[in-house]
1. Could you list the chymotrypsin sites (Phe, Trp or Tyr not before Pro) in the range 35-119 that lie in coil according to DSSP, counting only those with at most 15 other Cβ atoms within 10 Å of their Cβ?
2. To the nearest 20 Debye, how big is the dipole of the range 103-177 about its Cα centre, given +1 on the beta carbon of each Lys and Arg and -1 on that of each Asp and Glu?
3. Tell me, what is the 1.4 Å probe accessible area of residue 248, in Å² to the nearest 10?
4. With the crude spin-label approximation of a point 7 Å out along Cα→Cβ, what separation in nm comes out for residue 315 versus residue 383?
5. Cα-Cα over 26 Å: which of 58/122; 285/355; 58/361; 31/259; 122/239?
6. By accessible area of protein heavy atoms, probe 1.4 Å, what ranking do 262, 239 get, highest first?
7. How far apart, in nm, are the 7 Å Cα→Cβ label points at residue 172 and residue 209?
8. Convert each backbone phi in the range 283-293 into a coupling constant with the Karplus relation 6.51 cos²θ - 1.76 cosθ + 1.60 (shift: θ = phi - 60°), then list the ³J(HN,Hα) values in order as whole Hz, x for Gly and Pro.
Amino acid sequence: MAALTHEVREDSLPLRLAQLARALESRFLGKDEAIRLLLVTAMAGEHAVLIGPPGTAKSALIRTFARLLQARYFEYLLTRFTEPNEIFGPVDIMAFREGRYRRRTEGMLPEAEIVFLDEVFKSNSAILNALLTLLNERRLTSGGQVLSSPLISAFGASNEVPSDDALTAIYDRFLVRIRNENLDAYHFQNLLQKGLENEALGAGKEPTAPLVTARDLAELQLGLLQQTQFGEPFFAQYKGLVFQIRAEGITLSDRRVVKLLKLFAASAFLDGRSEPNASDFFVLKHVWNAEDQAPILEAIVTPVVEAHYREYPGARRVGAVGVGIEALAGEIERVRHVLTGSAALGDVQLFSQLKALGEIKTVLLSSTDPRANELLGRVNQLLEAAFRSGRFGPI
């Protein structure tokens, strides 16, 4: 296999991966980190599950991601009534008449390279038991026959974290757990505009020419770790984070600790680096087992990542179609009009506008645009006036 390269040619894999990310970010607002997690998971040959309430674009995000990959794709909505034939293929009747038991797997999950299992935790034990080996070892035993699977990555979606102990094993197969929430106040206006555009275009009809092939990903996985240089400082920092996470009562097995190295390597490759650094630890925010552990991981990991960006401000990641400075200025002006208007604001309305200002301030603090300081001054002025008085005069 050819050695991995980080050259930025017109057709280079890092460039095409970046184009794929931009295509997703332009359609799914506020999902930049989820998109990066889907990418690094597929690059590393691991699995991820999106968990969140209905209507938060979990299925749409995974389907669009799959359409941007030239790969054999299989999707199914699982229920407790789903039969193995629906997933792994029907029994070959002709072979059965000859005394042989085998499945016809053409177009079914065993021959897929990218798999999406919607409501994955609602399936029955017959499906789940077969999935365990397939997800972990890429093989399926059918009768006396062992089938090898070309599976690159499987993605699941669920409205909630499984609470049944019988689902612990299948849940553990998903190395990354991505919370998918409704959009925040800042993105809401853009959500409405983008939603109108998508509705006018028609669901599933947006241009999605494949940008990356399954072969690209398979070859990348073969050489990813060999071409990645893990320095001792990185390992020392990783060890400290792992033991800090475990000290908080969050289970992180040795197996998962080792597998996560592949995601760090993939994240570095995506940035054009051969050596992971502290910015790649963002993945650790998504190794929770229960949703109440997510804020704990956020508190542990975010200071480490932010410290890295303070030391290397030019390395801070923004969305490939990140928030433009003009859009931020327009949003600040919108909030100012709301706060200084003649209409009286209720507590909920006031809180919503202050929350939007807080989100804008966070974006501006990480911006390198020359106008960021000027806009930051406007935000601070609005916030100061808001906290000084519940009534707003000209600002």
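1. When the chymotrypsin sites (Phe, Trp or Tyr not before Pro) of the range 35-119 are filtered for loop state and at most 15 Cβ neighbours within 10 Å, 81, 101 remain.
2. Dipole of the range 103-177, to the nearest 20 debye: 240 debye.
3. 100 Å²
4. Here the modelled spin labels are 2.7 nm apart.
5. Long pairs (Cα-Cα over 26 Å): 58/361; 122/239.
6. Reading off the accessible areas and sorting them downward yields 239, 262.
7. 4.5 nm
8. Running phi through 6.51 cos²θ - 1.76 cosθ + 1.60 with θ = phi - 60° gives 4, 5, 5, 10, 10, 5, 9, 10, 4, 6, 7 Hz.
The values are calculated or read from the model by the stated rules, or taken from the named source; none is laboratory data. Nothing here was measured: the structure is a model prediction, and the numbers come from that model. Cβ coordinates were reconstructed from backbone atoms using ideal geometry, including for glycine residues, and neighbour counts include every protein chain displayed. Heavy atoms of the whole protein, side chains included, go into the accessibility calculation; ligands, DNA and RNA do not. Shrake-Rupley method; radii C 1.70, N 1.55, O 1.52, S 1.80 Å.
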